[in-house]
Amino acid sequence: MKTPPERGPPWTAAGVAKLRAVVLEDALTRLARQRQPEHERADLMDWVCNDQLAPFSFLVCAAACGLDHEQLREGLLALLQGGQRATGAPQGGLKRPGGAVTTQPQRGIVPRGGRLPRRQP
């Protein structure tokens, strides 16, 4: 009869919090890379824009780091959309380099469904 493999020590709350911080940092670092493959960038943005509560969701990872997930998400989206205000796109659309105004975000920075989550009033 086989003996089950030995398990290491159980996860501590501090260990889980540290792992959540690493997951968030990795996602943000990969999003900041200029040469990130588009499909990976879409996966990361799906994760960032998902409001699901799960052990390693964006909301939970941000909270574990003491960050407001909405502010972090808005700032990240603004940064990726060309450095606009951290509170979201300006009225009338986003200005692209060269002065053109668009209401559409730049390619590769929104989740696959093409919609950002709605803010709760």
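Values in this text are rule-based calculations from the coordinates and carry no lab data. Just so you know, these numbers come straight off a predicted model, no measurement behind them. Virtual Cβ from ideal backbone geometry, glycine too; neighbours counted across all protein chains shown.
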³J(HN,Hα) computed for each position of the stretch 60-65 - Karplus, 6.51 cos²θ - 1.76 cosθ + 1.60, integer Hz, glycine/proline x: 5, 5, 5, 4, 5, 8
Charge sum, other residues only, whose C-beta stays under 15 Å from residue 65's C-beta, Lys/Arg counted +1 and Asp/Glu -1: -1
Likely footprinting exposure, 70, 38, 25, fewest C-beta neighbours within 10 Å first: 38, 25, 70
The stretch 71-78 - phi-based ³J(HN,Hα) in whole Hz, Karplus 6.51/-1.76/1.60, Gly and Pro as x: 5, 4, 4, 5, x, 5, 4, 4
Footprinting exposure proxy for 16, 48, 22, 60 (fewest neighbouring C-beta atoms within 10 Å first): 22, 16, 60, 48
P(r) tail fraction, the stretch 4-81 - alpha-carbon pairs more than 14 Å apart, %: 65
